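Chemist: Take this structure, written in C-alpha coordinates, and hold onto it; I'll ask about it next.
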Amino acid sequence: MNRRTLIRDALVVTPGEVLRTSVLIEGPKIAALDVPATVRADEEVRARGMVLLPGVIDPHVHFREPGLEHKEDLHSGSRAAAAGGVTTVLEMPNTRPPTTTVQLLHEKLARAAQKCLVNYGFFIAATPENLQELQKAKRTPGIKIFMGSSTGNLLVDDPKVLERIFAHTTLPIATHCEDEATIRRNRERLGPRLSVEDHSRVRDHEAALRSTQLALELAQRTQHRLHVLHVSTAQEVQLLAQHQGLVTAEVCPHHLFFNTRHYETLGTLVQVNPSIKTPQDNEALWRGLLQGHLQLVASDHAPHTWEEKQRPYPESPSGLPGVENLLPLLLDQVNRGRITLQQVALWTAEAPARVWDMVDKGRLAPGYDADLVLVDMNLSRQVRHENQYTRCGWTPWHGTTLQGWPVMTWVRGQKVFEKGRFDLRVRGAEVVFDHTRGGYWATQGGTSQAEG
Ligand SMILES: [Zn+2]
(Lines give C-alpha, C1' and ligand atoms only; values in the text may rest on other atoms or scores of the structure.)
Protein backbone atom coordinates (compact mmCIF):
# COMPACT_ATOMS: atom_id res chain seq x y z
CA MET A 1 0.00 0.00 0.00
CA ASN A 2 1.29 3.44 -0.93
CA ARG A 3 2.26 5.80 1.85
CA ARG A 4 -0.09 8.77 2.10
CA THR A 5 0.70 12.28 3.28
CA LEU A 6 -1.98 14.91 3.74
CA ILE A 7 -0.99 18.57 3.73
CA ARG A 8 -3.84 20.56 5.27
CA ASP A 9 -4.82 24.22 4.93
CA ALA A 10 -1.83 25.47 2.98
CA LEU A 11 -2.10 28.29 0.48
CA VAL A 12 -1.64 26.07 -2.60
CA VAL A 13 -0.14 27.50 -5.81
CA THR A 14 -1.81 25.59 -8.67
CA PRO A 15 -1.44 26.40 -12.38
CA GLY A 16 -4.77 28.23 -12.40
CA GLU A 17 -5.05 29.89 -9.03
CA VAL A 18 -3.76 30.22 -5.50
CA LEU A 19 -6.22 28.72 -3.03
CA ARG A 20 -6.38 27.60 0.59
CA THR A 21 -6.91 23.85 0.44
CA SER A 22 -5.50 20.41 1.22
CA VAL A 23 -3.23 18.23 -0.90
CA LEU A 24 -3.09 14.43 -0.71
CA ILE A 25 0.13 12.68 -1.69
CA GLU A 26 -0.03 8.95 -2.46
CA GLY A 27 3.28 7.21 -3.07
CA PRO A 28 5.27 9.35 -5.52
CA LYS A 29 2.22 11.22 -6.90
CA ILE A 30 -0.12 14.06 -6.06
CA ALA A 31 -3.37 12.10 -5.67
CA ALA A 32 -5.88 14.87 -5.08
CA LEU A 33 -6.52 18.45 -4.11
CA ASP A 34 -9.30 19.66 -1.86
CA VAL A 35 -9.87 16.29 -0.15
CA PRO A 36 -12.80 15.71 2.28
CA ALA A 37 -12.07 16.24 5.98
CA THR A 38 -12.68 12.54 6.65
CA VAL A 39 -9.70 11.37 4.56
CA ARG A 40 -6.88 9.85 6.63
CA ALA A 41 -3.20 9.59 5.84
CA ASP A 42 -0.02 8.13 7.33
CA GLU A 43 1.23 11.63 8.01
CA GLU A 44 -0.65 14.89 8.31
CA VAL A 45 1.03 18.24 7.97
CA ARG A 46 -0.80 21.22 9.43
CA ALA A 47 0.23 23.96 7.05
CA ARG A 48 -2.03 26.84 8.01
CA GLY A 49 -0.25 30.09 7.22
CA MET A 50 2.21 28.38 4.88
CA VAL A 51 2.45 28.35 1.09
CA LEU A 52 2.77 25.13 -0.92
CA LEU A 53 4.56 25.42 -4.26
CA PRO A 54 5.56 22.91 -6.92
CA GLY A 55 9.14 21.86 -6.14
CA VAL A 56 11.70 24.03 -7.87
CA ILE A 57 13.28 22.60 -11.02
CA ASP A 58 16.76 24.08 -11.36
CA PRO A 59 17.71 23.28 -14.95
CA HIS A 60 21.28 24.58 -14.71
CA VAL A 61 23.64 23.31 -11.99
CA HIS A 62 27.24 22.14 -11.85
CA PHE A 63 27.63 19.42 -9.20
CA ARG A 64 31.26 18.71 -10.19
CA GLU A 65 31.09 14.90 -10.07
CA PRO A 66 33.06 13.11 -11.38
CA GLY A 67 36.46 14.69 -11.04
CA LEU A 68 36.07 17.88 -9.01
CA GLU A 69 34.50 16.53 -5.84
CA HIS A 70 36.53 18.88 -3.64
CA LYS A 71 34.10 21.61 -4.82
CA GLU A 72 30.83 19.60 -4.71
CA ASP A 73 29.43 16.16 -5.50
CA LEU A 74 26.02 14.75 -6.36
CA HIS A 75 25.26 14.13 -2.68
CA SER A 76 26.35 17.49 -1.26
CA GLY A 77 24.89 19.44 -4.18
CA SER A 78 21.54 17.66 -4.01
CA ARG A 79 21.37 18.20 -0.24
CA ALA A 80 21.83 21.94 -0.79
CA ALA A 81 19.12 21.74 -3.46
CA ALA A 82 16.65 20.02 -1.11
CA ALA A 83 17.24 22.66 1.58
CA GLY A 84 16.43 25.33 -0.99
CA GLY A 85 13.17 23.71 -2.11
CA VAL A 86 14.75 22.42 -5.33
CA THR A 87 13.40 18.95 -6.11
CA THR A 88 14.86 18.41 -9.60
CA VAL A 89 18.19 19.44 -11.10
CA LEU A 90 19.62 19.28 -14.59
CA GLU A 91 23.37 19.04 -14.36
CA MET A 92 25.96 20.33 -16.81
CA PRO A 93 28.55 18.22 -18.62
CA ASN A 94 31.83 20.07 -17.88
CA THR A 95 32.93 17.55 -15.27
CA ARG A 96 36.15 15.50 -15.45
CA PRO A 97 35.85 13.64 -17.68
CA PRO A 98 33.27 15.77 -19.48
CA THR A 99 29.98 14.08 -20.40
CA THR A 100 30.59 13.71 -24.13
CA THR A 101 29.51 10.11 -24.80
CA VAL A 102 26.42 8.02 -24.15
CA GLN A 103 28.48 5.75 -21.92
CA LEU A 104 29.70 8.66 -19.76
CA LEU A 105 26.12 9.95 -19.59
CA HIS A 106 24.89 6.58 -18.33
CA GLU A 107 27.72 6.42 -15.80
CA LYS A 108 26.64 9.78 -14.39
CA LEU A 109 23.02 8.58 -14.19
CA ALA A 110 24.20 5.50 -12.26
CA ARG A 111 26.17 7.66 -9.80
CA ALA A 112 23.13 9.88 -9.26
CA ALA A 113 20.88 6.88 -8.56
CA GLN A 114 23.24 6.05 -5.68
CA LYS A 115 23.82 9.53 -4.27
CA CYS A 116 21.30 12.14 -5.39
CA LEU A 117 18.63 13.28 -2.91
CA VAL A 118 16.58 15.05 -5.57
CA ASN A 119 15.48 14.12 -9.09
CA TYR A 120 18.11 14.50 -11.78
CA GLY A 121 18.94 14.69 -15.45
CA PHE A 122 22.25 15.31 -17.24
CA PHE A 123 23.14 17.25 -20.36
CA ILE A 124 25.50 15.77 -22.93
CA ALA A 125 28.21 18.11 -24.24
CA ALA A 126 28.98 18.78 -27.88
CA THR A 127 32.58 18.64 -29.05
CA PRO A 128 33.85 19.16 -32.60
CA GLU A 129 34.05 15.35 -32.95
CA ASN A 130 31.16 13.64 -31.14
CA LEU A 131 28.19 14.09 -33.52
CA GLN A 132 27.36 10.36 -33.46
CA GLU A 133 27.14 10.34 -29.66
CA LEU A 134 24.83 13.36 -29.77
CA GLN A 135 22.64 11.49 -32.25
CA LYS A 136 22.49 8.33 -30.12
CA ALA A 137 21.85 9.92 -26.72
CA LYS A 138 18.35 9.46 -25.30
CA ARG A 139 18.18 9.79 -21.50
CA THR A 140 19.05 13.50 -21.50
CA PRO A 141 17.34 16.91 -21.56
CA GLY A 142 19.57 17.95 -24.44
CA ILE A 143 22.89 19.01 -25.87
CA LYS A 144 25.01 21.65 -24.15
CA ILE A 145 27.20 23.71 -26.45
CA PHE A 146 29.87 25.96 -24.98
CA MET A 147 30.06 28.53 -27.78
CA GLY A 148 32.42 30.41 -25.50
CA SER A 149 33.85 30.23 -22.03
CA SER A 150 35.28 26.78 -22.07
CA THR A 151 38.56 25.13 -22.80
CA GLY A 152 39.80 22.02 -24.57
CA ASN A 153 37.40 20.02 -26.65
CA LEU A 154 34.23 21.47 -25.05
CA LEU A 155 34.70 24.79 -26.81
CA VAL A 156 32.80 24.78 -30.09
CA ASP A 157 33.06 28.18 -31.78
CA ASP A 158 33.72 27.24 -35.40
CA PRO A 159 30.52 28.25 -37.24
CA LYS A 160 30.82 25.26 -39.61
CA VAL A 161 31.01 22.79 -36.74
CA LEU A 162 28.11 24.54 -35.00
CA GLU A 163 26.03 24.40 -38.16
CA ARG A 164 26.69 20.66 -38.46
CA ILE A 165 25.52 20.04 -34.88
CA PHE A 166 22.38 22.14 -35.32
CA ALA A 167 21.58 20.53 -38.68
CA HIS A 168 22.22 16.89 -37.80
CA THR A 169 20.86 16.41 -34.28
CA THR A 170 17.32 16.33 -32.94
CA LEU A 171 17.77 16.80 -29.18
CA PRO A 172 17.07 20.33 -27.89
CA ILE A 173 20.21 22.49 -27.73
CA ALA A 174 21.31 24.73 -24.85
CA THR A 175 24.06 27.26 -25.48
CA HIS A 176 26.51 29.24 -23.40
CA CYS A 177 26.82 32.32 -25.57
CA GLU A 178 29.96 34.44 -25.31
CA ASP A 179 32.02 35.11 -28.42
CA GLU A 180 35.61 33.91 -28.00
CA ALA A 181 37.07 36.18 -30.68
CA THR A 182 35.56 39.26 -29.01
CA ILE A 183 36.82 38.13 -25.61
CA ARG A 184 40.32 37.60 -26.97
CA ARG A 185 40.31 41.02 -28.65
CA ASN A 186 39.15 42.74 -25.46
CA ARG A 187 41.83 41.00 -23.46
CA GLU A 188 44.56 42.12 -25.84
CA ARG A 189 43.24 45.67 -25.85
CA LEU A 190 43.14 45.87 -22.04
CA GLY A 191 46.67 44.54 -21.63
CA PRO A 192 48.23 42.13 -19.20
CA ARG A 193 47.46 43.85 -15.86
CA LEU A 194 43.83 43.15 -15.22
CA SER A 195 41.75 43.63 -12.10
CA VAL A 196 38.47 41.84 -11.40
CA GLU A 197 36.47 44.86 -12.64
CA ASP A 198 37.98 44.16 -16.06
CA HIS A 199 36.16 40.83 -16.15
CA SER A 200 33.05 42.68 -17.40
CA ARG A 201 35.19 44.57 -19.96
CA VAL A 202 36.76 41.36 -21.27
CA ARG A 203 33.43 39.54 -21.35
CA ASP A 204 31.49 42.58 -22.42
CA HIS A 205 28.03 43.22 -23.87
CA GLU A 206 29.30 42.67 -27.38
CA ALA A 207 30.74 39.24 -26.59
CA ALA A 208 27.38 38.07 -25.24
CA LEU A 209 25.34 39.68 -27.99
CA ARG A 210 27.43 38.43 -30.95
CA SER A 211 27.35 34.85 -29.75
CA THR A 212 23.63 34.87 -28.96
CA GLN A 213 23.03 36.37 -32.39
CA LEU A 214 24.92 33.49 -34.02
CA ALA A 215 23.02 30.88 -31.99
CA LEU A 216 19.70 32.45 -32.99
CA GLU A 217 20.69 32.47 -36.66
CA LEU A 218 21.64 28.80 -36.52
CA ALA A 219 18.41 27.86 -34.76
CA GLN A 220 16.37 29.82 -37.27
CA ARG A 221 18.16 28.41 -40.31
CA THR A 222 17.96 24.78 -39.16
CA GLN A 223 14.61 25.19 -37.35
CA HIS A 224 16.26 23.61 -34.33
CA ARG A 225 14.94 24.16 -30.80
CA LEU A 226 17.32 26.34 -28.82
CA HIS A 227 17.55 27.42 -25.19
CA VAL A 228 19.91 30.32 -24.46
CA LEU A 229 21.46 29.88 -21.03
CA HIS A 230 22.09 32.70 -18.51
CA VAL A 231 21.20 35.81 -20.54
CA SER A 232 23.04 38.83 -19.12
CA THR A 233 22.35 41.88 -21.31
CA ALA A 234 19.44 44.13 -22.28
CA GLN A 235 20.36 43.71 -25.95
CA GLU A 236 19.98 39.94 -25.81
CA VAL A 237 16.54 40.29 -24.22
CA GLN A 238 15.50 42.52 -27.12
CA LEU A 239 16.80 40.02 -29.65
CA LEU A 240 15.14 37.06 -27.93
CA ALA A 241 11.79 38.81 -27.96
CA GLN A 242 11.88 38.49 -31.77
CA HIS A 243 12.51 34.74 -31.75
CA GLN A 244 9.65 33.41 -29.65
CA GLY A 245 8.08 30.20 -30.87
CA LEU A 246 11.43 28.50 -31.45
CA VAL A 247 13.79 29.82 -28.81
CA THR A 248 13.61 29.99 -25.01
CA ALA A 249 15.99 31.64 -22.57
CA GLU A 250 16.88 31.75 -18.91
CA VAL A 251 18.20 34.30 -16.46
CA CYS A 252 20.16 33.69 -13.24
CA PRO A 253 19.73 35.45 -9.88
CA HIS A 254 23.26 36.85 -10.04
CA HIS A 255 22.46 38.63 -13.31
CA LEU A 256 19.20 39.95 -11.83
CA PHE A 257 20.70 41.15 -8.53
CA PHE A 258 24.40 41.91 -9.13
CA ASN A 259 26.08 44.46 -11.39
CA THR A 260 29.55 45.92 -11.90
CA ARG A 261 29.17 48.06 -8.75
CA HIS A 262 29.37 44.87 -6.71
CA TYR A 263 33.00 44.17 -7.67
CA GLU A 264 34.00 46.77 -5.10
CA THR A 265 32.53 44.84 -2.18
CA LEU A 266 32.49 41.26 -3.49
CA GLY A 267 35.48 41.13 -5.84
CA THR A 268 36.10 37.74 -7.40
CA LEU A 269 33.10 36.24 -5.53
CA VAL A 270 30.91 37.74 -8.28
CA GLN A 271 33.31 36.81 -11.08
CA VAL A 272 31.11 34.67 -13.27
CA ASN A 273 30.62 33.82 -16.96
CA PRO A 274 28.82 35.50 -18.61
CA SER A 275 30.02 38.45 -16.54
CA ILE A 276 27.70 40.60 -14.47
CA LYS A 277 26.77 43.77 -16.33
CA THR A 278 25.18 47.14 -15.43
CA PRO A 279 22.22 48.22 -13.27
CA GLN A 280 20.38 48.96 -16.55
CA ASP A 281 20.89 45.34 -17.57
CA ASN A 282 19.49 44.19 -14.20
CA GLU A 283 16.32 46.19 -14.94
CA ALA A 284 16.06 44.93 -18.53
CA LEU A 285 16.41 41.31 -17.37
CA TRP A 286 13.62 41.76 -14.80
CA ARG A 287 11.45 43.34 -17.48
CA GLY A 288 12.28 40.49 -19.87
CA LEU A 289 11.16 37.99 -17.29
CA LEU A 290 7.98 39.86 -16.40
CA GLN A 291 7.07 40.33 -20.07
CA GLY A 292 7.71 36.68 -20.92
CA HIS A 293 10.71 37.26 -23.18
CA LEU A 294 12.80 35.20 -20.76
CA GLN A 295 10.98 32.07 -19.70
CA LEU A 296 12.70 30.81 -16.57
CA VAL A 297 15.12 31.38 -13.70
CA ALA A 298 18.03 28.99 -13.12
CA SER A 299 20.84 29.19 -10.58
CA ASP A 300 23.87 28.16 -12.68
CA HIS A 301 25.13 26.83 -9.34
CA ALA A 302 28.89 26.68 -10.00
CA PRO A 303 30.78 26.10 -6.76
CA HIS A 304 34.50 26.75 -6.33
CA THR A 305 36.32 26.63 -3.00
CA TRP A 306 36.90 29.85 -1.07
CA GLU A 307 40.66 29.41 -1.57
CA GLU A 308 40.22 29.08 -5.33
CA LYS A 309 38.10 32.23 -5.42
CA GLN A 310 40.70 34.17 -3.37
CA ARG A 311 43.39 33.80 -6.03
CA PRO A 312 44.22 37.09 -7.72
CA TYR A 313 42.24 37.80 -10.90
CA PRO A 314 42.41 36.34 -13.55
CA GLU A 315 43.70 33.17 -11.85
CA SER A 316 40.47 33.08 -9.81
CA PRO A 317 37.90 30.77 -11.42
CA SER A 318 34.56 32.10 -12.71
CA GLY A 319 31.35 30.81 -11.15
CA LEU A 320 29.40 31.08 -7.90
CA PRO A 321 27.09 28.79 -5.89
CA GLY A 322 23.34 29.45 -5.81
CA VAL A 323 21.10 26.38 -5.84
CA GLU A 324 19.93 26.77 -2.21
CA ASN A 325 19.23 30.53 -2.43
CA LEU A 326 17.37 30.65 -5.75
CA LEU A 327 13.89 30.22 -4.24
CA PRO A 328 14.40 32.46 -1.14
CA LEU A 329 15.70 35.26 -3.38
CA LEU A 330 12.50 35.09 -5.44
CA LEU A 331 10.20 34.69 -2.42
CA ASP A 332 11.76 37.82 -0.95
CA GLN A 333 10.79 39.65 -4.14
CA VAL A 334 7.22 38.35 -3.72
CA ASN A 335 7.19 39.83 -0.22
CA ARG A 336 8.43 43.13 -1.67
CA GLY A 337 5.52 43.12 -4.12
CA ARG A 338 7.64 42.95 -7.26
CA ILE A 339 6.47 39.51 -8.43
CA THR A 340 3.74 36.99 -7.56
CA LEU A 341 3.77 33.44 -6.22
CA GLN A 342 2.31 32.24 -9.51
CA GLN A 343 5.14 33.83 -11.44
CA VAL A 344 7.60 32.06 -9.15
CA ALA A 345 5.85 28.72 -9.85
CA LEU A 346 5.89 29.43 -13.59
CA TRP A 347 9.55 30.47 -13.80
CA THR A 348 10.94 27.81 -11.45
CA ALA A 349 8.74 24.77 -12.12
CA GLU A 350 6.31 24.83 -15.01
CA ALA A 351 8.58 26.58 -17.54
CA PRO A 352 11.69 24.43 -17.00
CA ALA A 353 9.53 21.27 -17.13
CA ARG A 354 8.07 22.39 -20.46
CA VAL A 355 11.32 23.66 -21.97
CA TRP A 356 13.00 20.30 -21.33
CA ASP A 357 9.96 18.03 -21.99
CA MET A 358 9.84 16.52 -18.50
CA VAL A 359 7.13 13.93 -17.89
CA ASP A 360 4.81 14.56 -14.88
CA LYS A 361 6.83 17.49 -13.56
CA GLY A 362 6.42 21.19 -12.92
CA ARG A 363 2.83 21.55 -11.75
CA LEU A 364 0.97 21.19 -8.52
CA ALA A 365 -1.91 19.12 -9.89
CA PRO A 366 -3.31 15.57 -9.53
CA GLY A 367 -1.31 12.98 -11.45
CA TYR A 368 1.91 14.98 -11.34
CA ASP A 369 4.89 13.86 -9.27
CA ALA A 370 4.68 14.90 -5.61
CA ASP A 371 7.71 17.18 -5.81
CA LEU A 372 6.65 19.92 -3.43
CA VAL A 373 8.01 22.66 -1.23
CA LEU A 374 6.26 24.23 1.75
CA VAL A 375 7.44 27.76 2.42
CA ASP A 376 7.02 30.18 5.31
CA MET A 377 6.56 33.60 3.71
CA ASN A 378 6.94 35.32 7.09
CA LEU A 379 10.27 33.75 8.02
CA SER A 380 13.07 36.29 7.80
CA ARG A 381 16.64 35.07 7.82
CA GLN A 382 20.09 36.31 7.00
CA VAL A 383 22.01 34.36 4.36
CA ARG A 384 25.36 33.40 5.90
CA HIS A 385 28.41 31.50 4.68
CA GLU A 386 28.28 29.16 7.65
CA ASN A 387 24.67 28.16 6.95
CA GLN A 388 25.26 27.02 3.37
CA TYR A 389 24.91 23.33 2.58
CA THR A 390 26.99 23.45 -0.59
CA ARG A 391 30.43 21.90 -0.06
CA CYS A 392 32.18 25.14 -1.04
CA GLY A 393 30.72 26.76 2.08
CA TRP A 394 30.29 30.35 0.93
CA THR A 395 27.72 32.49 -0.86
CA PRO A 396 27.84 35.87 -2.61
CA TRP A 397 24.63 36.74 -0.73
CA HIS A 398 26.31 36.52 2.69
CA GLY A 399 24.81 39.16 4.99
CA THR A 400 21.64 39.64 2.95
CA THR A 401 18.37 39.25 4.84
CA LEU A 402 15.62 37.52 2.89
CA GLN A 403 11.99 36.99 3.85
CA GLY A 404 10.35 33.75 2.65
CA TRP A 405 12.10 30.39 3.17
CA PRO A 406 11.45 26.71 2.48
CA VAL A 407 10.56 24.73 5.60
CA MET A 408 9.70 21.33 4.10
CA THR A 409 10.62 19.63 0.82
CA TRP A 410 9.18 16.45 -0.71
CA VAL A 411 10.80 14.52 -3.55
CA ARG A 412 8.30 12.17 -5.19
CA GLY A 413 6.30 12.02 -1.98
CA GLN A 414 9.29 11.47 0.31
CA LYS A 415 10.00 14.18 2.85
CA VAL A 416 13.68 14.92 2.31
CA PHE A 417 14.04 18.18 4.24
CA GLU A 418 12.32 19.66 7.28
CA LYS A 419 13.54 22.77 9.07
CA GLY A 420 17.26 22.18 8.84
CA ARG A 421 17.10 18.37 9.03
CA PHE A 422 17.47 15.95 6.15
CA ASP A 423 16.35 12.41 5.56
CA LEU A 424 19.57 11.29 3.91
CA ARG A 425 18.04 7.94 2.86
CA VAL A 426 15.82 9.64 0.27
CA ARG A 427 16.85 9.27 -3.34
CA GLY A 428 15.47 11.18 -6.29
CA ALA A 429 14.63 9.54 -9.61
CA GLU A 430 15.89 9.99 -13.13
CA VAL A 431 13.73 12.51 -14.95
CA VAL A 432 11.90 11.12 -17.98
CA PHE A 433 12.23 13.37 -21.04
CA ASP A 434 9.67 13.06 -23.83
CA HIS A 435 11.09 15.20 -26.59
CA THR A 436 8.17 14.47 -28.91
CA ARG A 437 6.31 17.10 -26.86
CA GLY A 438 8.20 19.81 -28.66
CA GLY A 439 9.18 22.04 -25.76
CA TYR A 440 7.87 25.22 -24.19
CA TRP A 441 6.11 26.83 -27.12
CA ALA A 442 4.47 23.61 -28.34
CA THR A 443 2.92 23.03 -24.90
CA GLN A 444 1.64 26.55 -24.39
CA GLY A 445 -2.03 25.49 -24.44
CA GLY A 446 -1.36 23.37 -21.36
CA THR A 447 -1.02 26.46 -19.22
CA SER A 448 -4.66 27.40 -19.41
CA GLN A 449 -6.00 23.90 -18.76
CA ALA A 450 -5.70 24.31 -15.05
CA GLU A 451 -6.86 21.42 -12.94
CA GLY A 452 -8.57 21.75 -9.58
ZN1 LIG B 1 26.78 26.91 -16.14
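The values are calculated or read from the model by the stated rules, or taken from the named source; none is laboratory data. As the structure is a computational prediction, the values presented were derived from the model and not from experiment. Positions of Cβ are backbone-derived with ideal geometry, glycine not excepted, and every protein chain shown enters the neighbour counts.
Chemist: May I ask you to say which residue of Ala208, Ala174 is modelled with pLDDT of 95 or more, farther than 24 Å from Asn259 by Cα and assigned by TED's automatic domain parsing to the domain that holds Glu91?
Modeler: Among Ala208, Ala174, only Ala174 is modelled with pLDDT of 95 or more, farther than 24 Å from Asn259 by Cα and assigned by TED's automatic domain parsing to the domain that holds Glu91.
Chemist: For region 402-419, which residues satisfy the criterion of being touching a residue at least 60 places away in the same chain (Cβ under 8 Å) and either hydrophobic (A, V, I, L, M, F, W, C) or assigned to a loop (DSSP other than H, G, I, E, B) (or both)?
Modeler: Leu402, Trp405, Val407, Met408, Trp410, Val411, Arg412, Gly413, Val416, Phe417 - these are the residues of region 402-419 that are touching a residue at least 60 places away in the same chain (Cβ under 8 Å) and either hydrophobic (A, V, I, L, M, F, W, C) or assigned to a loop (DSSP other than H, G, I, E, B) (or both).
Chemist: Looking at Gly67, Gly49, Gly84 in this structure, which one is in contact (Cβ under 8 Å) with a residue 40 or more places away in the chain and either of a type in the set (A, V, I, L, M) or within 29 Å of Leu154 (Cβ to Cβ) (or both)?
Modeler: Selected residue: Gly84, the only one of Gly67, Gly49, Gly84 that is in contact (Cβ under 8 Å) with a residue 40 or more places away in the chain and either of a type in the set (A, V, I, L, M) or within 29 Å of Leu154 (Cβ to Cβ) (or both).
Chemist: Within region 140-153, does at least one residue satisfy the condition of being among the small types (Gly, Ala, Ser) and modelled with pLDDT of 95 or more?
Modeler: Within region 140-153, one or more residues are among the small types (Gly, Ala, Ser) and modelled with pLDDT of 95 or more.
Chemist: Scanning for something modelled with pLDDT of 95 or more, out of contact with any Gly (no Cβ under 9 Å at 6 or more places or on another chain), surrounded by 20 or more Cβ atoms within 10 Å (Cβ to Cβ) and farther than 22 Å from Ala41 by Cβ, does region 397-409 turn up at least one residue?
Modeler: Yes, that holds for at least one residue.
Chemist: So which of Leu296, Leu290, Leu285 ends up being modelled with pLDDT of 95 or more, within 16 Å of the ligand (Cβ to nearest atom) and closer than 19 Å to Ala234 by Cβ?
Modeler: Result: Leu296 is the single residue among Leu296, Leu290, Leu285 that is modelled with pLDDT of 95 or more, within 16 Å of the ligand (Cβ to nearest atom) and closer than 19 Å to Ala234 by Cβ.
Chemist: Looking at region 343-366, can you tell me whether even one residue there is among the hydroxyl-bearing types (Ser, Thr, Tyr), at pLDDT 95 or above and in a loop (DSSP other than H, G, I, E, B)?
Modeler: No, region 343-366 contains no residue that is among the hydroxyl-bearing types (Ser, Thr, Tyr), at pLDDT 95 or above and in a loop (DSSP other than H, G, I, E, B).
Chemist: Moving to a separate point now. Being within 16 Å of the ligand (Cβ to nearest atom) and assigned to a helix (DSSP H, G or I) is the filter here; which residues of region 257-278 pass it?
Modeler: The answer is Val270, and nothing else.
Chemist: A further question on this structure: For region 91-112: of the residues being within 21 Å of the chain's Cα centre (by Cα) and hydroxyl-bearing (Ser, Thr, Tyr), which is nearest to Ser78 (Cα to Cα)?
Modeler: The qualifying residue nearest to Ser78 (Cα to Cα) is Thr95.
Chemist: Just checking, how many residues over region 68-95 are away from the ligand (no atom under 16 Å from the Cβ) and in a loop (DSSP other than H, G, I, E, B)?
Modeler: 5
Chemist: Also: Please state which of the following conditions Val237 fails to meet, knowing it meets all the rest: (1) closer than 24 Å to Pro93 by Cα; (2) touching a residue at least 40 places away in the same chain (Cβ under 8 Å); (3) among the aliphatic types (A, V, I, L, M); (4) surrounded by 22 or more Cβ atoms within 10 Å (Cβ to Cβ).
Modeler: Unmet for Val237, out of (1) closer than 24 Å to Pro93 by Cα; (2) touching a residue at least 40 places away in the same chain (Cβ under 8 Å); (3) among the aliphatic types (A, V, I, L, M); (4) surrounded by 22 or more Cβ atoms within 10 Å (Cβ to Cβ): (1).
For every residue, the table says whether it meets (1) under 20 Å from Phe63 (Cα atoms); (2) away from the ligand (no atom under 16 Å from the Cβ); (3) of a type outside the set (Gly, Ala, Ser).
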site: Arg111; (1), (2), (3): yes, yes, yes
site: Lys138; (1), (2), (3): no, yes, yes
site: Thr169; (1), (2), (3): no, yes, yes
site: His176; (1), (2), (3): yes, no, yes
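Chemist: Taking region 321-342 as the search range and keeping residues that are in a loop (DSSP other than H, G, I, E, B) and within 16 Å of Cys252 (Cα to Cα), which one is farthest from the ligand (Cβ to nearest atom)?
Modeler: So, considering only residues that are in a loop (DSSP other than H, G, I, E, B) and within 16 Å of Cys252 (Cα to Cα), the one farthest from the ligand (Cβ to nearest atom) is Ile339.
Chemist: Further question: Against the definition (assigned by TED's automatic domain parsing to the domain that holds Asp158, part of a helix (DSSP H, G or I), touching a strand residue (DSSP E or B) at 6+ places or on another chain (Cβ under 8 Å) and closer than 23 Å to Met92 by Cα), how does Glu250 come out, yes or no?
Modeler: Spelling it out, it is not the case that Glu250 is assigned by TED's automatic domain parsing to the domain that holds Asp158, part of a helix (DSSP H, G or I), touching a strand residue (DSSP E or B) at 6+ places or on another chain (Cβ under 8 Å) and closer than 23 Å to Met92 by Cα.
Chemist: I've got another one for you. So which residues in region 367-401 are in contact (Cβ under 8 Å) with a residue 24 or more places away in the chain, within 25 Å of Ile276 (Cβ to Cβ) and part of a loop (DSSP other than H, G, I, E, B), if there are any at all?
Modeler: Within region 367-401, Val383, Gln388, Tyr389, Thr390, Arg391, Cys392, Gly393, Trp394, Thr395, Pro396, Trp397 meet the criteria.
Chemist: Just wondering, is there one or more residues in region 43-61 that are of a type in the set (Lys, Arg) and within 16 Å of the ligand (Cβ to nearest atom)?
Modeler: No, region 43-61 has no match at all.
Chemist: Please specify each residue of region 302-315 satisfying the condition of being away from the ligand (no atom under 16 Å from the Cβ) and not charged (D, E, K, R).
Modeler: The answer is Thr305, Trp306, Gln310, Pro312, Tyr313, Pro314.
Chemist: Next question. Output the number of the condition that Ser318 fails; it satisfies all remaining conditions of (1) in a helix (DSSP H, G or I); (2) within 16 Å of the ligand (Cβ to nearest atom); (3) surrounded by fewer than 20 Cβ atoms within 10 Å (Cβ to Cβ).
Modeler: Tallying (1) in a helix (DSSP H, G or I); (2) within 16 Å of the ligand (Cβ to nearest atom); (3) surrounded by fewer than 20 Cβ atoms within 10 Å (Cβ to Cβ), Ser318 fails exactly one: (1).
Chemist: State all residues of region 409-427 that are more than 15 Å from Tyr389 (Cα to Cα) and of a type in the set (A, V, I, L, M, F, W, C); if no residue qualifies, say none.
Modeler: Once the filter is applied, which keeps residues that are more than 15 Å from Tyr389 (Cα to Cα) and of a type in the set (A, V, I, L, M, F, W, C), region 409-427 yields Trp410, Val411, Val426.
Chemist: Sticking with this one: From His75, His70, His60, which residue is under 15 Å from the mean Cα position of the chain (by Cα) and modelled with pLDDT of 95 or more?
Modeler: Being under 15 Å from the mean Cα position of the chain (by Cα) and modelled with pLDDT of 95 or more holds for just one of His75, His70, His60, which is His60.
Chemist: Is it the case that some residue within region 103-110 is in the same structural domain as Leu327 (by TED's automatic domain parsing) and touching a residue at least 60 places away in the same chain (Cβ under 8 Å)?
Modeler: Yes, region 103-110 contains at least one residue that is in the same structural domain as Leu327 (by TED's automatic domain parsing) and touching a residue at least 60 places away in the same chain (Cβ under 8 Å).
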